[in-house]
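One structure is given here, and the rest of the page talks about it.
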Amino acid sequence: MTGDTDFVFYNQPAAAQGAVRLLGKASEGHYTVERVEFHLAALPSHLHHVILSVSVDAARGLTCAAFTHAGLQLRSATGFWTLPVFPDPNARAVVVAEFYRHTVGGRPAWNLRSVGQGWPAGLAALAQAHGVTIA
């Protein structure tokens, strides 16, 4: 991330010239899902990481213990991945996964890494740790 304009969340639902877009929440049966669409090939060349995280509304006193049926599903033309989000009563935000740019055979490529790192201080602390200024 190079700054605040690369941070996609509920108050800024798109970034990277539209390559990343938050599509919003929807009900699916008993669950609420939130969808994000991103196109790795369309990301500007200065972006080398896409960090995928989830958070709770800390103002309502919630923690990630509320994620009793949470998971991250990723789909592409070449694969499908499901990464669990484990309930964590000590966290208010979790970095679930990261796409990162690297080189394979002299050509740029993207790789996926499962992370699972909790942030007790919540989304603002997670954002600040990745170079986003929270006003």
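The values are calculated or read from the model by the stated rules, or taken from the named source; none is laboratory data. Source: prediction; values computed, not measured. Neighbour counts run over all protein chains shown; Cβ positions are idealised from the backbone, glycine included. The protein model used for the area step is the full one, side chains on, heavy atoms only, and it has no ligands, DNA or RNA in it. Shrake-Rupley method; radii C 1.70, N 1.55, O 1.52, S 1.80 Å.
Miscellaneous remarks
- Carbon plus sulfur fraction of accessible area for region 29-135, probe 1.4 Å, in percent: 53
- Cα gyration tensor shape of region 62-135, rounded if a/c is under 1.5, else prolate or oblate by comparing a/b with b/c: oblate
- Report summary: the helix-based calculation at 222 nm, which adds -39500 (n - 2.57) for every DSSP H run with n ≥ 4 and divides by the residues of the chain, gives -1500 deg cm²/dmol.
- For region 34-130, chymotrypsin sites (Phe, Trp or Tyr not before Pro) are listed when DSSP marks them as loop and at most 16 other Cβ atoms sit within 10 Å of their Cβ; the list is empty.
- Residues in the chain average 64 Å² of solvent-accessible surface per residue, probe 1.4 Å, ligands and nucleic acids excluded.
- Extension gain, Leu40 back to Gln73 (0.36 nm per residue minus Cα-Cα distance, nm): 10.3 nm
- Note on region 1-89: Rg/Rh from Cα positions, Kirkwood definition for Rh, rounded to two decimals, is 0.98.
- Per-residue Karplus couplings for region 28-39, computed as 6.51 cos²θ - 1.76 cosθ + 1.60 with θ equal to phi - 60°, are listed in order as 9, x, 8, 10, 9, 10, 10, 10, 10, 10, 9, 10 Hz, Gly and Pro entered as x.
- Those residues of region 107-135 whose amide nitrogen sits under 18 Å from the label point placed on Asn90, 7 Å along Cα→Cβ: 115-123, 125-126
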